[in-house]
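A short worksheet on the structure shown next.
Every read-out reported here was derived from the displayed coordinates using simple, explicitly stated rules and does not represent laboratory data. Only a predicted model underlies this, so the values are computations on that prediction, with no experimental measurement involved. All Cβ positions, even for glycine, are placed from backbone atoms using ideal geometry, and neighbour counts span all protein chains on display.
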Amino acid sequence: MINKSKVMYNGETFKLEGTGIKEKETRAKDLAGYFLNSEAYEKLDPETVMYRVEYQDNDLVEGTPGGLYFGITHLYPGVVGAEYFLTKGHFHAKRNTGEYYFGLEGHGLLMMTENSETILEEIRPGSVHYIPGNKAHRLINTGSKELSVSACWQTESGHDYALPEEMFPLRVFRDIVGKPVIETNS
C-alpha cells in the first residue's frame, strides 16, 4: 500500500497544508526591547502580527533525539522607525545543532552570529542557507512583501532566546532610498 503524505507544501500560497500543522504568531507586544527606536515601537499597535510560523512536528516532543521538524516562517514587511521587521532570533538550546533555511518568497537577510562575529546572507526565492551549530540566527525582511522561509531542524535543538543585544551586534535599517544599511548595535 502506498500512503499519501500527511503534509503538502502549496507553492502558490507558500503555506503548509494537511494534518498536524501547528501555528504560532509573534506580535509587536512580544518584541519589546528588540528595536532601537523605542518611541517608534511604542506607536505600533501591540496586537500587530509581525511574523508567524507554521510547522509540522511529526508528533515528536522537543528534545527527542533523532527526529526532525519542518516549518515555514512568514515575516511581514515593514519598519520600526527605519529598522526592518525581524524575528526574535535564537541560539539552539543544544548549541552544536545546525539547521537549514530555504528561501520561498520575498527578499531579506539571514543574520548569524557567534562570539560577536556576524555573517549576513541574502535570502531570496530558491536560496539555501546552512546555519552551523553554535550560531545565533534571525531573519530580517528587507523587501516590500512577505518573506517566507522554510526551515528544517533537529527535534533535540531547542530554542534559547537570550538577550537580543547579546546575540546580535548589528542592526539593519532602511536608508532614504529604501536600501538596507547595516550599523553596529549601540
Practice problem: Might you report the magnitude of the Cβ-based charge dipole of the chain about its Cα centre, with Lys and Arg at +1 and Asp and Glu at -1, to the nearest 20 debye? | Solution: 300 debye
Quiz item: Packing-wise, with mean Cβ within 10 Å as the measure, how do 2-10, 142-150 rank, highest first?
Solution: 142-150, 2-10
Quiz item: Of 132, 58, 168, which is farthest along the charge dipole of the chain in the positive direction, counting Lys and Arg as +1 and Asp and Glu as -1 at C-beta?
Solution: 58
Self-check item: Cα-centred dipole magnitude for the range 10-56, charges only on beta-carbon of K, R (+1) and D, E (-1), debye, nearest 20
Solution: 120 debye
Quiz item: For the chain, what does -39500 (n - 2.57) per DSSP helix run (n ≥ 4), summed and divided by total residues, give at 222 nm, in deg cm²/dmol to the nearest 500?
Solution: -1000 deg cm²/dmol
Quiz item: For residue 84, what is the net charge nearby, where nearby means another residue's Cβ is under 10 Å from its Cβ and Lys, Arg count +1, Asp, Glu -1?
Solution: +1
Quiz item: Put +1 on the Cβ of every Lys and Arg and -1 on every Asp and Glu Cβ in the chain; which of 2, 73, 16 then has its Cα farthest towards the positive end of the dipole?
Solution: 2
Practice problem: Could you check how many percent of all C-alpha pairs in the chain are farther apart than 21 Å? | Solution: 51 percent
Self-check item: Phi to ³J(HN,Hα) by Karplus 6.51 cos²θ - 1.76 cosθ + 1.60 over the range 71-86, Hz, x for Gly, Pro
Solution: x, 9, 9, 10, 9, 6, x, x, 9, 10, x, 10, 8, 4, 4, 8
Quiz item: What does the charge count near residue 136 come to, summing +1 for each Lys or Arg and -1 for each Asp or Glu among other residues with Cβ under 12 Å from its Cβ?
Solution: -2
Self-check item: Estimated vicinal HN-Hα couplings, Hz - the range 160-177 in sequence order (Karplus 6.51, -1.76, 1.60; Gly, Pro = x)
Solution: 10, 8, 5, 4, x, 5, 7, 7, 10, x, 10, 10, 10, 10, 8, 7, 5, 9
Exercise. Treat every Asp and Glu Cβ in the range 103-164 as -1 and every Lys and Arg Cβ as +1, leave all other atoms uncharged, and give the resulting dipole magnitude about the Cα centre to the nearest 20 debye.
Key: 140 debye
Exercise. Multiply the residue gap between residue 182 and residue 43 by 0.36 nm, knock off their C-alpha separation, and tell me the result in nm, one decimal place.
Key: 47.7 nm
Quiz prompt | Whole-Hz couplings from phi, Karplus 6.51/-1.76/1.60, listed for the range 6-20; x for Gly and Pro | solution = 6, 9, 10, 9, 9, x, 8, 9, 6, 10, 8, 9, x, 9, x
